[in-house]
Amino acid sequence: MDFANFLIQLLNSVQYGLLLFMLAAGLTLIFGIMGVVNLAHGSFYMLGAYLAWFLAARFGSLTLAILGGAVIAVAFGLLLEQLLFRHFYQRDHLDQVLLTFGLIYVFEELRSILWGDEVHGVDVPQALAASIPLTDNLSYPVYRLVMSGVCIALALGCTCSSRRRAWA
Amino acid sequence: VAIENGVRMAINERGGKLGGRDIEWFKVDDESEPSKGVENANRLVQRDKVDVLIGTVHSGVQMGIQRVARESGVLNLIPNAGVHAATRALCAPNVFRTSFTNSQPTLALGKAMVDKGHKKAVWITWKYAAGDEAFEGFKDSYTKAGGTIVKELGLPFPNVEFQALLTEIASLKPDAVACFFAGGGAAKFIRDYAAAGLKDKIPLYGSGFLTEGVLDAAGPAADGIITTMHYSDSLDTPRNRQFRTAYATSFKMQPDVYAVQGYDTGLLLSQGLAAVKGDIGNKQALYKALETQTIDSPRGKWTMSKSHNPVQDIYLRRVENKENKVIGVAAKALADSGAGCKMA
């Protein structure tokens, strides 16, 4: 492997690492601040993905889908908190594991009933659909670079807010 | 669901009876869970005392069913699972497959690629049984046709982070890429492949499952991909058109390759039982009848190989406008080797 390819692979791994960080950040926040072990974190992630797809198809705009999806996700989170998680704050972590593990099955089945089992995809928005040519036959999708930017912003945001909390 | 619809449709077309006898259906959800394969198959065989066991989709579960079928001697028809062993080392007189072996589609792919002038290829797949078996077919046909496999790339099933491997493909600069992916992962691979700018530089080939049921999700990124498979929705024969219209009217949805396989399973069963006049107890005669049937399938006529796997045409298809257009026959009457099967 030559040096150029080494650099590209480096970019790949950093970019993927940032993506995983974004996913993991939610899990850590919930455990760190609320003290809840949420095994169903992946289900919430799935809910986000399906909302993005469903709303984007409805509104014809990803921006609207992100805004609408965020509102629905917050409402859904609050509902679950009121109904279930609230009663588990004081209980053993193992009880929380049991609850959230069960939720995985519930979400999975609901998804299957509501949206079916077909394969879906959301188109990358036009503004980010381009790719930057790196070598003579490989280009890098702008979308991935922007996502990395979002992840970095998220990381900075988390660090700042947790510092402030530590001082307060 | 598509498979079940297909089976029922084939049997209903023949009056809803098999060899003059009424049918009683039993159904178990195998959850695609290999660890429950034996248990679920036993429930049908021992509790419900079924004469015929139709299933299944998942290769891992099939291995469990295979064991039960071999031990109990109950007739087993496989409408999908492509695991090699079912009609190779573990083949049995009472087990028949109506779909394909995992290496059958790719066994027709290699020559088609070399014919187009692609002498150096990179192979990429998930590292699991179905991927390895698909590779076996590709390796066999591609090297035999004079091609060289530059590199074999893989990632653990069902990972979908392809970026690092795409970078490697670009640096290897092969004439073409061949792959085996299916479902959501296939849609993502097709999109990532295009987004990495490889689509117009290095042609992408694959086993037909790459482009089954994912073309809506993959969008224009899939245009031009060439695959090989035993069926295509757009296959332009009177038989297929008639089947598609009838299926769409009965079930209010479009049939796919799984529906065809289910339909053929029903055809095989009803033709076989008709040949022995419904005498399901006469196993020798029944197996003989099943072995010798010609199935007039929407995919084209096919027969049973000695190891009980279809001998069938494999079509060459190119994606155009979210459709798998048939552009030719990649291999006529292709049979799986059946290597290791004592009956072959």
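The values are calculated or read from the model by the stated rules, or taken from the named source; none is laboratory data. Predicted model, so just to flag it, every value in this text is computed and none were measured. Cβ sites come from the backbone with ideal geometry, for glycine too, and all protein chains shown count toward neighbours. Note: accessible area is taken over every heavy atom of the protein model, side chains too, but ligands, DNA and RNA are not part of it. Shrake-Rupley method; radii C 1.70, N 1.55, O 1.52, S 1.80 Å.
General remarks:
- Under the span-like rule (Cα at least 15 Å along the axis, Kyte-Doolittle mean at least 1.0), DSSP H helices of chain A: A:3-29, A:62-83
- Once backbone amide H atoms are built at 1.01 Å from N, residue A:131 has A:142 as its partners under 5 Å, excluding neighbours fewer than 5 places away on the same chain.
- Heavy atoms of residue A:93 accessible to a 1.4 Å probe, total area in Å² rounded to 10: 90
- In this view, the solvent-accessible surface of residue A:63, computed with a 1.4 Å probe and all protein chains in place, comes to about 100 Å².
- Accessible surface, segment B:8-64, averaged per residue in Å² (probe 1.4 Å): 59
- ³J(HN,Hα) computed for each position of segment B:79-86 - Karplus, 6.51 cos²θ - 1.76 cosθ + 1.60, integer Hz, glycine/proline x: x, 8, 2, x, 3, 4, 3, 4
- Within segment A:128-143, the residues that become at least 50 Å² less accessible when every protein chain is included than when their own chain is isolated (1.4 Å probe; DNA, RNA and ligands ignored) are A:137, A:138.
- Packing-based ranking, highest mean first, of B:44-55, B:217-228 given that Cβ atoms within 10 Å are counted: B:217-228, B:44-55
- Gain in span if fully extended, residue A:75 to residue A:24, counting 0.36 nm per residue against the direct Cα distance: 16.2 nm
- Take each peptide in A:154-164, B:132-142, A:64-74, A:48-58, count the other Cβ atoms within 10 Å of every residue, and average; sorted highest first, the result is B:132-142, A:48-58, A:64-74, A:154-164.
- For the protein assembly as shown, the share of accessible area belonging to carbon and sulfur comes to 60 percent (1.4 Å probe, ligands and nucleic acids excluded).
- Other residues within the sphere of radius under 14 Å centred on the Cβ of residue B:168, judged by their own Cβ, net out at -2 (K and R +1, D and E -1).
- Packing-based ranking, highest mean first, of A:19-26, B:272-279 given that Cβ atoms within 10 Å are counted: B:272-279, A:19-26
- Drop in accessible area of at least 50 Å² in the complex versus isolated chain, residues of segment B:166-188, 1.4 Å probe: B:167
- Violating pairs (Cα-Cα greater than 32 angstrom) within the set B:17/B:127; B:199/B:306; B:127/B:322; B:277/B:306: B:17/B:127; B:199/B:306
- Net charge in the neighbourhood of residue B:224 (other residues with Cβ under 9 Å of its Cβ; Lys, Arg +1, Asp, Glu -1) is -1.
- With an a/c value of 1.5 or above and a/b not larger than b/c for the gyration tensor axes a ≥ b ≥ c computed over the alpha-carbon atoms, the protein assembly as shown is described as oblate.
- Entry note, segment B:106-249: relative contact order of 24 percent, from Cα contacts under 8 Å with a spacing of 6+ residues.
- Most mobile of B:207, B:35, B:297 in a GNM of chain B (Cα contacts under 10 Å): B:35
- Cys residues of the protein assembly as shown counted as unpaired, since no other Cys beta-carbon is under 4.7 Å: A:151, A:158, A:160, B:179
- Heavy-atom surface of segment A:50-125, accessible at 1.4 Å and reported per residue (Å²): 68
- Burial annotation for segment A:1-48: residues with an accessible-area loss of at least 20 Å² between the isolated chain and the complete set of protein chains, computed on heavy atoms with a 1.4 Å probe, are A:5, A:9, A:12, A:16.
- For residue B:340, no residue has an amide H sitting under 5 Å from its own, ignoring neighbours fewer than 5 places away on the same chain, with H placed 1.01 Å from N.
- Heavy-atom accessible area ranking, 1.4 Å probe, most first, across B:122, A:122: A:122, B:122
- The contact between chain A and chain B removes approximately 1700 Å² from the accessible area (both sides summed; 1.4 Å probe; ligands, DNA and RNA excluded).
- If you take all other residues with their beta carbon under 12 Å from the beta carbon of residue B:102, and give Lys and Arg +1 and Asp and Glu -1, the sum is -2.
- Once backbone amide H atoms are built at 1.01 Å from N, residue B:313 has B:333, B:334 as its partners under 5 Å, excluding neighbours fewer than 5 places away on the same chain.
- Contour excess over end-to-end distance, with Cα ends at residue B:250 and residue B:279 and 0.36 nm allotted per residue: 7.4 nm
- Normalising the average separation of contacting C-alpha pairs (under 8 angstrom, six or more residues apart) by the number of residues puts the relative contact order of segment A:1-108 at 30 percent.
- Extension gain (nm, one decimal) between residue A:10 and residue A:108, 0.36 nm per residue minus Cα-Cα: 31.8 nm
- Figure note: B:111, B:120 ranked by solvent-accessible area, largest first, 1.4 Å probe, ligands and nucleic acids not counted: B:111, B:120.
- In nm, spacing of pseudo-spin labels at residue A:101 and residue B:22 (7 Å Cα→C-beta vector): 4.6
- Sequence of B:43, B:241 when ordered by accessible area, the most exposed leading, probe 1.4 angstrom: B:241, B:43
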